[in-house]
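To start, the structure itself, in structure tokens.
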Amino acid sequence: MHPPDASRVMSGPPATGSLRKQTRPKEPTVKVFACGELVPGCETVFQGESEEEILEQVAVHARGDHGMHDVPEEVVDRIRSRITERADV
């Protein structure tokens, strides 16, 4: 008689339930952009649920605080690349 193949031997109690990975509920997040990332010295920080919400806030801020009547597409691209996500506390 041969010893059992180690790769086929299972230890511990038999598996029960689903084999799908158990995941915790995802924590709510908020998107964030700090204007100082592009305009040194500006301390304004924007938060929103989406990039579009952030961009709307930035457009109002750029017009009122930085005198930009239009935000050029290359600046919008730079803003998008610097929007981060963090846990919403």
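The values are calculated or read from the model by the stated rules, or taken from the named source; none is laboratory data. Only a predicted model underlies this, so the values are computations on that prediction, with no experimental measurement involved. Methodologically, a virtual Cβ is constructed for each residue, glycine included, from the backbone with ideal geometry; neighbour enumeration extends over all protein chains shown.
Within the range 25-56, the residues that satisfy the criterion of being part of a strand (DSSP E or B) and free of Cβ contacts under 8 Å to residues at least 24 places away in the same chain are Val45, Phe46, Gln47, Gly48. The number of residues in the range 72-89 being out of contact with any helix residue (DSSP H, G or I) (no Cβ under 7 Å at 6 or more places or on another chain), part of a helix (DSSP H, G or I) and either in contact (Cβ under 8 Å) with a residue 12 or more places away in the chain or surrounded by 12 or more Cβ atoms within 10 Å (Cβ to Cβ) (or both) comes to 2. Being of a type in the set (A, V, I, L, M, F, W, C) and at pLDDT below 95: is that true of Val9 here? The answer is yes for Val9.
Checking each residue in the range 57-71 for being among the hydrophobic types (A, V, I, L, M, F, W, C) and either part of a helix (DSSP H, G or I) or touching a His at 6+ places or on another chain (Cβ under 7 Å) (or both) picks out Val58, Ala59, Val60, Ala62.
Set side by side, the residues Pro25, Pro14, Pro40 differ, and just one is under 30 Å from Ile79 (Cα atoms) and at pLDDT below 80, which is Pro25.
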